[in-house]
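All remarks here apply to the structure that follows.
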Amino acid sequence: MNEGQASLVSHAWHVYRGTGVPHDGIAMLPAPPPWRAPSAAEWPYGHPAPDTRLRGAVYQVTPEIVDVVNAALYLRRPLLVTGPPGSGKSSLAYHVAHELRLGHVLNWPITSRSTLRDGLYTYDALSRLQDANLGADATAPADDSAYFDHPGPDIGRYLQLGPLGTALLPGGVPRVLLIDEIDKSDPDLPNDLLNIFEEGEFIIPELARLDHPEARVQVYDSSRERVRVHQGRVCADAFPFTVLTSNGEREFPPAFLRRCLRLDLPEPDIELLVRIVEAHLGREAVERGAALIEEFVRRRPTEALATDQLLNAVYLLLSGGDDGLREAREGDGVLRTVMRRLDPGF
């Protein structure tokens, strides 16, 4: 150990000490914050937690949110949710799915390169060509060909529905579809969605032009389930409950806005912040994190801050014991770093 390492101060909550000397400190690491636990993580009750439980059960709503969500459900219209980063836009979709028992949320994260077809389905023509070149019998029926009245090339092995396409499968009850950060999309994508929002169906051309009427394609989740598609047509029997999120970085065309209900999430007041902290971390977190909550409220009018920064800081405070509390009071150290303002240049 060199002189610099010897001078390091190791607090009780440190797992990594910076000495370079191997040790088993990882065993000290507590359970992750509820919002950072993988969906396959075990709960204390001994069974896997569904992803809707992790993000949905503890979400805190306002009366306005409840009213607008119900309006969207009744009208079968997409919900366009705007608000600052970290305000809970995406988590609202998980909350609705959890409360109404609508299964896993189908999440479509949007980038500037996203197209409508990405959301509907993908076709791996290259793999199909490679299989043919390697001598695979592309005309042989799949193991589930007994379902087909007219066997033919198993093109369905090379097709997978996207999150939007899966949400439009008939199932009796609506699926929950999250189209995350739609404001990052190519300018054409909102208009491309209009017909889908109105009709609730689409055609897969690669299947529609086949001589035989049916194929089985994989859905958009980890189950690897294959569903029957007749003549390339996917048609919903219930419109999905669709949540589109936006950070307000662009304007949308009137035709798109007309087909959506809009919900603007305001910055939570101190009462709602207390409810959020308690829901995620318990009553002790509210009591011990009172100084952090007050600091967050004091700084927010002049600094860009996100609610999840406050949750991260309170979680570290609980993990760090007196060391974390001292740093919070001094306004310095790791807790200050976690709640660093998000304004450009800081």
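The values are calculated or read from the model by the stated rules, or taken from the named source; none is laboratory data. From a predicted model like this one, the values you see are computed outputs, not experimental measurements. Here the Cβ is made from the backbone with ideal geometry for all residues, glycine too, and neighbour counts use every protein chain on show.
Taking interchain pairs and intrachain pairs at least six residues apart, which have beta carbon atoms under 6 angstrom, with the first residue in region 76-94 and farther than 16 Å from R259 by Cα and the second among the aromatic types (F, W, Y)? From region 76-94, the pairs are S91/Y59.
Somewhere in region 102-121, is a residue under 13 Å from R157 (Cα atoms) and at pLDDT 90 or above?
Applying the first criterion (under 13 Å from R157 (Cα atoms)) to region 102-121 yields 121.
Within this subset, residues satisfying the condition of being at pLDDT 90 or above are 121.
Taking every residue of region 102-121 in turn, at least one turns out to be under 13 Å from R157 (Cα atoms) and at pLDDT 90 or above.
Counting only helices (runs of 4 or more DSSP H) that fall entirely inside region 210-290 and contain at least 3 residues that are buried (at least 17 other Cβ atoms within 10 Å of the Cβ), the qualifying elements are 270-281, 283-288.
Among the listed residues G321, G345, G331, which satisfies the condition of being surrounded by 13 or more Cβ atoms within 10 Å (Cβ to Cβ), at pLDDT below 90 and on the phi > 0 side of the Ramachandran plot? Give the derivation first.
Values: G345 fails: surrounded by 13 or more Cβ atoms within 10 Å (Cβ to Cβ); G331 fails: surrounded by 13 or more Cβ atoms within 10 Å (Cβ to Cβ).
Of G321, G345, G331, the one residue that is surrounded by 13 or more Cβ atoms within 10 Å (Cβ to Cβ), at pLDDT below 90 and on the phi > 0 side of the Ramachandran plot is G321.
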